[in-house]
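The values are calculated or read from the model by the stated rules, or taken from the named source; none is laboratory data. Every value quoted in this text rests on a predicted model; they were computed, and no experiment measured them. Here the Cβ is made from the backbone with ideal geometry for all residues, glycine too, and neighbour counts use every protein chain on show.
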Amino acid sequence: MVPYEYYVALSGLLMVLGLVGIIVRRNLIAMLLSTELMLNAVNIAFVAFDMKVGDVSGQVFVFFILTIAAAEAAIGLGLIMAIYRLKKDVNTETITELKL
Amino acid sequence: MSVIEQIVGTLGMPNFALVMPELIILITAFILLIVELFTKNKALITGLTIAGLVISLLPLFQFLSNGIVGNTFYDLFWVEPFSTIFKIFLIMATIFIVLNYTPYFEAKKTFYGEYYYITLFALLGLMIMLSAKSLITFYIGLELSSVSVYILAGMFRKHYKSKEGAFKYLIIGGSGTAIISYGIALIYGASGSLDFSEILNAIMNKYDIGTIAGLILLVVGLALKVAAVPFHQWAPDAYEGAATPITTFMATVVKVATLAIIAKILVLAYPLHIPYWSFAWSILAALSMIIGNFIALRQRNVKRMLAYSSVAHTGYITAALAAGTETGISALIFYSLIYIFMSIGGFVFLSAMEKSNNWSNDINDFKGLAKKNPMIALFMLIIMFSLLGIPPTVGFMGKFGVFIALIEQEIWWLAVVLVVMSIVSAGYYLRVVIYMYMYEPENDKNINLAIPEVFTITFMSIFILLSGIYPTIFFEISRALAITLTSLI
C-alpha cells in the first residue's frame, strides 16, 4: 500500500501548480481552472490524512469541498460569459480597467 | 423509515430552537425567491426582507436575556454570547443596508429582486460561520457567504467594472478558500479532528511542522478573506466595481464577521500558540496600515479611497489581534462593532450622492457640498472625523483601545505605526472635508436624497457622536465578550 505521505506530497504539488497557474496565466478560463485545481488538491490531501487518522470526517469534508467547487465554477463561468459579452475578449492583459 | 428511526434514535433530534434565527432568515430568503417571481413591487420585497430580519432578532435577544448556551446538530453548531452579540449587530447593519437598496438600484436602473435574497443568503452564511464549533461549520458558512457575495458584486447591470471586480474577487477569494481548506486539512492531519476543543486537546503546545504549517495557511487564508495587505488586491477593485450598497455590505457586514471568526478560531483552537499568530498578525496589520493609507492618499476617486481606507482599518483592527491578550480581543471587538457604524455612514453617503446625474465619485464632485446641503455635509464631516479618529467621535475610542492593548504587551513598534498612520490618513479624510467646506460649488448637480438614506446617515453620525461621548456601553459589551471568549476554552 502506498503510504499517505506520497499523497500529501502530490496534493502539495498540485496546490502549488494551481497557485502558479493563477499568477502566470492571462486567460480568464485558465485562471478559473487553476482555482479548481487547487480545490481538488485539497481533496487529495483530505483523503490522504483521512487514511492516516482512520476517521471519516475528512471524507465528509471532501463532499463539501466538491459542492463548493461546483458552485464557484458556475459563478465563475457566468461571470466569464458576462465579461465576454461586454468585451469580446477573455485576456486579462487587454480587458483590465480597474487599476491601482 | 426504519433507517431514519435508527439514526434519530442513536443521535437524537437536533435542537431546532437554537437555530431559530438562521431558520427565519433562510425561510424569508426562500419566500422572497418565490414572491419575487410574481411581483415587481419594490416596497413589498423590501418590507418582507426587513420583516424577516427584524423577526430573526427576537430569538437572539431571547438567547441573551435567558443566557442560553448550547450545542446542536451533533456538536457542529454552537450558540454562545460572543456569536449572539455579533449576529445582532450584523442583522441590524443589514437592515440599514437593505433599506438603502431600492432608491439606489431604481436610480441606476439595475433593480433585481435577487439582490435582496442573495444578501440574506450571505448573511445566513456569516451567521452559520460565527456559530461554528467545528471547522466544517466554519468552512460551510464562510463559503455560503463568499459565493453569495461574488454574485452580489457582479450583478450591476451593463456595468463592466462590476464584472471585472467580481471576477477578481472570485479568483482571489477562491484561492483563499483553497488555502484555508488546505490549512484545515493539515490541522486535521496533525490533530485528527475538526472540532475546536478537540484540536486544542490534541495539539496542546506541540510545534510540529503539520500544526504550524496548518496554522500559517489558515492565517494567510483568513487574511485574504479580510483583505489584509499583502492579500488585499481584490478588495479595492471589487469594492469599486460593485454597486455602492453592495460595497457597503461587503465592507461592513462581511468584514466584521470575518474578523470575529478569526478571533474566535485563534483564541479557541490555538490559545497556546499566541506568540506565533500574534507575530503573523502584527506583520499583516503593519503592512495593511502602511500600504492601505499611502495608496489611499493618491486616490482621486472617493469610493476607491474609502476601499483603501477599509484596508487600512483592517490593519488597525488586526493590530489588536497582535496583542493576543484579553484586552486585545476586547479592543478588536470594540473596534469592529463601531467600524460597522462608521463604514455604513460613509458608503451610504456615497450611494446617496451617486444618484444625482453625472456624479462620478471624483473628489471634485464634492466641491461646495456644504453650501448646497449643509446638514448632510455636516454628517459626512462627523463620519470622516470618526474614521480618522478625532476625540469626540467613537473612532478615537477604537484606536485608543487598540493602542492601550499594544502598549500593555509592549509591542511599541506597532503602536507607533498605528499612530503615525492615523496621522497620514488625515491627508485623505480631511481632503473630502476641505473640498466640501472650502470650495465654491462649481456645478449645479441636483442632490436628491431618499428618506432611508437621510435616516441612515443621520442615525449613524449621531450615534457616532453619542457613543464617542459615552462609550461605556460598548466598552462593557466588548469586555464581557472578550472574557466570555477566553473562558470558553
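Residues in the stretch B:249-273 that are of a type outside the set (D, E, K, R) and over 9 Å from the mean Cα position of the chain (by Cα): B:I261, B:I262, B:A263, B:I265, B:L266, B:V267, B:L268, B:A269, B:Y270, B:P271, B:L272, B:H273. Of the residues screened, B:I329 is one that is more than 20 Å from B:Y239 (Cα to Cα), in contact (Cβ under 8 Å) with a residue 40 or more places away in the chain and buried (at least 24 other Cβ atoms within 10 Å of the Cβ). When B:E453, B:E440, B:E476 are checked against the criterion of being surrounded by fewer than 17 Cβ atoms within 10 Å (Cβ to Cβ) and more than 25 Å from B:I85 (Cα to Cα), B:E440 stands alone in meeting it.
The number of residues in the stretch B:205-236 being within 12 Å of another protein chain (Cβ to nearest Cβ) and in a loop (DSSP other than H, G, I, E, B) comes to 2. Listed by position, the helices (runs of 4 or more DSSP H) enclosed by the stretch B:66-178 that each have at least 1 residues that are more than 14 Å from chain A (Cβ to nearest Cβ) and either of a type outside the set (D, E) or surrounded by fewer than 23 Cβ atoms within 10 Å (Cβ to Cβ) (or both) are B:81-99, B:101-107, B:114-130. For the condition buried (at least 17 other Cβ atoms within 10 Å of the Cβ) and within 26 Å of the chain's Cα centre (by Cα), B:L430 does not qualify.
Quick one: B:N443 ticks every box in (1) modelled with pLDDT of 90 or more; (2) over 23 Å from the mean Cα position of the chain (by Cα) bar one, so which box is it? B:N443 satisfies all of (1) modelled with pLDDT of 90 or more; (2) over 23 Å from the mean Cα position of the chain (by Cα) except (1). With respect to the conditions (1) touching a residue at least 12 places away in the same chain (Cβ under 8 Å); (2) more than 9 Å from chain A (Cβ to nearest Cβ), B:A190 falls short on a single one, namely (2). Among all positions in the stretch B:187-198, there is at least one residue which is buried (at least 23 other Cβ atoms within 10 Å of the Cβ), in contact with a helix residue (DSSP H, G or I) (Cβ under 8 Å, 6 or more places away or on another chain) and outside any helix (DSSP H, G or I). Residue check, B:I184 against (1) more than 9 Å from chain A (Cβ to nearest Cβ); (2) closer than 15 Å to B:I261 by Cβ; (3) more than 20 Å from the chain's Cα centre (by Cα), all met but one. Which one? Status for B:I184: all satisfied but (1).
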